[in-house]
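One structure is given below, encoded as structure tokens.
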């Protein structure tokens with residue numbers, strides 16, 4: 001009975017720690033994502049918030065499985081090695097974790113599932129991430145979960161607050177689309193596959209094979225080549241995220257083009273299908 005209780009305590013503590021690590025990684029990834037070029041990087045996260053309960057439930061189940069299948073055996077094996085070869089049990093925990101994960105990473109890289117650079121990166125991150133719950137899980141202290149949750153939530157909230165402050169004060173520079181102008185639009189833009197859209201200073205535009213993505217009767221996205229002449233206008237909007245380039249061609253049914261990329265490599269893009277998929281059709285200035 002005592003051994004079962006000890007196993008249950010290890011799994012419980014490990015599950016809590018893994019969930020906190022996942023929350024910390026999520027907050028860090030959101031902050032990092034704000035610095036990367038992407039559509040909607042400055043948009044809302046309403047759908048992400050709605051999906052959090054499902055993600056949390058799935059993550060908790062995964063944490064329980066990892067704790068039972070990996071962390072618990074690591075703690076038990078570390079205890080056996082400590083008794084047999086000496087040294088404190090805590091010393092053996094990261095050694096066992098690193099050794100097991102190195103074997104799995106090498107097998108994955110050898111099978112071609114990942115390249116060796118990625119395998120080393122994953123091994124390093126997983127070794128740290130799984131050693132922490134194993135080290136805490138082996139502690140035989142009463143009321144351990146409370147302090148773990150308290151300090152863990154403090155770390156998660158702290159990273160979130162520091163990240164938000166750093167973004168707001170430009171200590172960490174958030175991504176913003178480049179500011180466009182009518183003069184900067186003038187010229188030829190290409191999708192890299194032979195299609196071009198040429199803007200002239202008098203407000204005329206010439207399209208040659210530029211894709212027009214539409215939904216068919218089955219709600220599947222179908223692309224057709226659009227060629228013709230028309231007019232264009234630039235709307236600066238209230239900020240860089242709201243810039244739009246409207247192209248009016250009788251043969252095409254385009255919605256306004258969005259501005260993306262960087263100041264050195266500006267792009268015009270449209271969403272293909274659902275905007276939440278971030279599947280884009282982009283043109284770059286030649």
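The values are calculated or read from the model by the stated rules, or taken from the named source; none is laboratory data. Note that the structure is a prediction, hence the values are computed from the model and not measured. Because the Cβ atoms are built from the backbone with ideal geometry, glycine has one as well, and the counts that use them run over all protein chains shown.
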Every residue in the range 132-153 that is part of a loop (DSSP other than H, G, I, E, B) and exposed (fewer than 12 other Cβ atoms within 10 Å of the Cβ), please.
140, 141, 142, 143
Within the range 80-131, the residues that are part of a loop (DSSP other than H, G, I, E, B) and in contact with a helix residue (DSSP H, G or I) (Cβ under 6 Å, 6 or more places away or on another chain) are 114
Lone qualifier among 212, 220, 216, 238 - being within 30 Å of residue 30 (Cβ to Cβ) and modelled with pLDDT under 90
238
Conditions (1) exposed (fewer than 15 other Cβ atoms within 10 Å of the Cβ); (2) out of contact with any strand residue (DSSP E or B) (no Cβ under 7 Å at 6 or more places or on another chain) -> residue 156 fails only (1)
Residue 197 vs. criteria at pLDDT 90 or above, in contact with a strand residue (DSSP E or B) (Cβ under 9 Å, 6 or more places away or on another chain) and in a loop (DSSP other than H, G, I, E, B):
no
Can you tell me which residues in the range 212-266 are part of a loop (DSSP other than H, G, I, E, B) and either surrounded by 14 or more Cβ atoms within 10 Å (Cβ to Cβ) or touching a strand residue (DSSP E or B) at 6+ places or on another chain (Cβ under 6 Å) (or both)?
216, 236, 243, 249, 251, 252, 254, 256
Going by the conditions given, is residue 90 at pLDDT 85 or above, surrounded by 14 or more Cβ atoms within 10 Å (Cβ to Cβ) and farther than 30 Å from residue 279 by Cα?
yes
What pairs come out if I take residues in the range 35-59 that are in the same structural domain as residue 15 (by TED's automatic domain parsing) and pair them with residues that are modelled with pLDDT under 70 whose C-beta lies under 9 Å away, six or more apart or interchain?
35/41; 39/275; 40/275; 40/276; 47/276; 55/48
Pairs, first at positive phi and modelled with pLDDT of 85 or more in the range 249-260, second surrounded by fewer than 18 Cβ atoms within 10 Å (Cβ to Cβ) and not in a loop (DSSP other than H, G, I, E, B), C-beta under 6 Å, six or more apart
none
